[in-house]
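The values are calculated or read from the model by the stated rules, or taken from the named source; none is laboratory data. Just so we're clear, the structure is a prediction, and the values are computed from it rather than from any experiment. Heads up, the Cβs are rebuilt from the backbone with ideal geometry, glycines too, and the neighbour counts pull from every protein chain shown.
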Amino acid sequence: MPVTIKDIAREAGVSVATVSKVLNNKRHISPATQKKISEVIERLNYVPNASAANLARKSSRNILYADSFYKGLPYKNPHMFDIICGVSHELSRKGYQLSLLNLESYGKKPKEIFEETILSHIADGIILNSFYTTPQIERLLLQHDFPQICIGKPDFDSMLSWIDTNHALSSRVAVDHLVACGCRKIAFIGGQKDDKIFMERLRGFRSSMDKIGLEVQEKWISYNKSDVNAVYESVSRLLEAPEIPDGIICTNSLTTVGAMRAIEKKGIAIPDKISLIAFDDYPYSPAISVAPTIIDIDLFNLGVHAGNLLLKKIRNPEMLIQTYTALPHLIERQTTHVKNA
């Protein structure tokens, strides 16, 4: 059987990634390690596959977007597709194509999928959901010097590049607007505790309320699964209590639909008796009879930035990119009214 790159790595006592770097004249390999690998190559008479070596040195003009893709996802997470469209738009302008890498469709663990993808040389770089960014995945990507941009800041101190929107700042904009509308008793209608974006927005809500001296009532923090009826029931119970809030923040457009249905069912006047502000306009806000005030975040533009920054990183692999972008924008409609405005 012909000698493979894995045989060289095993004999030299190094990783496959290290052997690949030496074969492709990559930097950051010590002279001693290079010498050891070269000696093993010579001793085993290893001959690199010419087509694979050529492919490794050429640009595929292909970028991967790695996430999980499954039936019903557009309704649960419509923002992903705004980001993907932004990435694709920017890449196509620069002569690149975007391909999807489904991390849950092969019956394999994400690390296996990433490693096989990198070694196949089918792409020049990858954009990935930070949900899948673990220290193990970080080590793999850095070992191979594989250009990457994470969508969302990783949950640990990372040397990977990432781009994100400041969800805590978005909550501050929402709280400040409700206070300007005269609200002092503010509820937050959210998702579940494993929803990273919701938890970041909730953290910003708590911080903003504390800074302006308003008490956060834990009974007015509502955790819900991604289901309109569940949100409707939750908000209905909140509005049946002896004391009810005079302002509500909804973490996305789906929770807005459930909250508005409950408010209207109770016959509470909006915005005279209760004000409401929501994150995100799409996909459900346009279908609501009373147009909600929203905190809009241009995630298409975030995708454009992600695509552009990844191409810069491909040209300059030493570049570390860690930045917030896509600032929140308040769009005032019918569910809030600033006092004395």
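For (1) surrounded by fewer than 16 Cβ atoms within 10 Å (Cβ to Cβ); (2) more than 15 Å from Ala306 (Cβ to Cβ); (3) under 15 Å from the mean Cα position of the chain (by Cα); (4) not β-branched (Val, Ile, Thr), each residue gets a yes or a no:
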{"position": "Glu104", "(1), (2), (3), (4)": "yes, yes, no, yes"}
{"position": "Glu116", "(1), (2), (3), (4)": "yes, yes, no, yes"}
{"position": "Asp124", "(1), (2), (3), (4)": "no, no, no, yes"}
{"position": "Glu138", "(1), (2), (3), (4)": "no, yes, no, yes"}
{"position": "Leu142", "(1), (2), (3), (4)": "yes, yes, no, yes"}
{"position": "Asp145", "(1), (2), (3), (4)": "no, yes, no, yes"}
{"position": "Gly152", "(1), (2), (3), (4)": "no, no, yes, yes"}
{"position": "Phe156", "(1), (2), (3), (4)": "yes, yes, yes, yes"}
{"position": "His167", "(1), (2), (3), (4)": "no, yes, yes, yes"}
Subset of the stretch 295-311, residues surrounded by 20 or more Cβ atoms within 10 Å (Cβ to Cβ) and within 30 Å of Ser275 (Cα to Cα), comes to Ile295, Ile297, Leu299, Leu302
Qualifying position, being assigned to a loop (DSSP other than H, G, I, E, B) and touching a residue at least 12 places away in the same chain (Cβ under 8 Å), among Leu141, Leu160, Leu98: Leu160
Which is surrounded by fewer than 22 Cβ atoms within 10 Å (Cβ to Cβ) and of a type outside the set (Lys, Arg), of Ile288, Ile277? Ile288
Could you list all residues from the stretch 82-98 that are surrounded by fewer than 16 Cβ atoms within 10 Å (Cβ to Cβ) and either among the hydroxyl-bearing types (Ser, Thr, Tyr) or touching a Pro at 6+ places or on another chain (Cβ under 9 Å) (or both)? Ser92
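Which is over 14 Å from the mean Cα position of the chain (by Cα), modelled with pLDDT under 95 and either among the polar types (S, T, N, Q) or not assigned by TED's automatic domain parsing to the domain that holds Gly86 (or both), of Gly182, Gly213, Gly191?
Values: Gly182 fails: modelled with pLDDT under 95; Gly213 fails: modelled with pLDDT under 95.
Answer to the check: Gly191.
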Inter-residue pairs, beta-carbon under 9 Å, first free of Cβ contacts under 8 Å to residues at least 60 places away in the same chain and at negative phi and in the stretch 107-120, second part of a loop (DSSP other than H, G, I, E, B) and basic (Lys, Arg), 6+ apart: Glu116/Lys108
Restricting attention to the stretch 212-239, which residues are farther than 15 Å from Lys185 by Cα and not aromatic (Phe, Trp, Tyr)? Asn224, Lys225, Ser226, Asp227, Val228, Asn229, Ala230, Val231, Glu233, Ser234, Ser236, Arg237
Mind checking whether some residue in the stretch 39-46 is at pLDDT below 85, assigned to a helix (DSSP H, G or I) and over 30 Å from Asp194 (Cα atoms)? yes
Return the residues of the stretch 224-243 that are surrounded by fewer than 17 Cβ atoms within 10 Å (Cβ to Cβ) and assigned to a loop (DSSP other than H, G, I, E, B); say none if nothing qualifies. Lys225, Ser226, Asp227, Glu240, Ala241, Pro242, Glu243
Looking at the stretch 244-314, what strands (runs of 3 or more DSSP E) fall wholly within it and have at least 1 residues that are under 18 Å from the mean Cα position of the chain (by Cα)? 275-279, 293-296
